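Sharing a structure here in structure tokens format.
The values are calculated or read from the model by the stated rules, or taken from the named source; none is laboratory data. Because the structure is a prediction, the values reported are computed rather than measured. In this analysis, Cβ positions are derived from the backbone assuming ideal geometry, glycine residues included, and neighbour counts consider all displayed protein chains.
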Amino acid sequence: MDMKFSLALPREALSIPVVRRVVGDSLRGLGVADDVVDDILLALSEACTNVVQHARTSGDYEVTARIDDESCRIAVMDWGRGLRHARPEPDELAESGRGIRIMRALMDELDISAGTDSGTVVHLRKRLTWRDEALIRRLEHRLMHSAG
């Protein structure tokens, strides 16, 4: 199973629940375990919130997701003026600046890089685990293909 989709969104706070809904419904519909879906959605919300608050551009941003049997990979891209100089790790009690720490804690991989032309790309990857009923359906499907 492979699924890929891309969303172009306005750089507005109201776009974040839309992204969460599309990605969450896709993952749940495929049978991904709820705790994994929750981790992905929280990290995705942090990445999108950073674009909305800090991208330094008035244009849209894009979220691309790839889901396969083993992992979910998400890229959140904006076309702002690119990465600013790295800041030191934020104070744990600070109101802002915790998003990267949260994404790093929830995901198996986090990479933040400059876009190809300009802007910033946040890459998120999470290994998937499946609900029991999803595993059974997938196993039945594989057995039917190998027997048929």
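So is Asp68 more than 15 Å from the chain's Cα centre (by Cα) and acidic (Asp, Glu) or not?
no
Within region 14-35, work out how many residues are touching a Phe, Trp or Tyr at 6+ places or on another chain (Cβ under 9 Å), more than 12 Å from Glu133 (Cβ to Cβ) and surrounded by fewer than 18 Cβ atoms within 10 Å (Cβ to Cβ).
Final tally of qualifying residues: 2.
Out of everything in region 79-101 that is closer than 22 Å to Ile16 by Cβ and among the aliphatic types (A, V, I, L, M), what residue ends up being modelled with the lowest pLDDT?
Per the stated criteria, the residue is Ala94.
Would you confirm whether any residue within region 37-50 is more than 20 Å from Arg98 (Cα to Cα) and more than 14 Å from the chain's Cα centre (by Cα)?
No.
Among the residues of region 48-78, which ones are of a type in the set (Gly, Ala, Ser) and closer than 14 Å to Val18 by Cβ?
Hit for region 48-78 is Ala65, nothing else.
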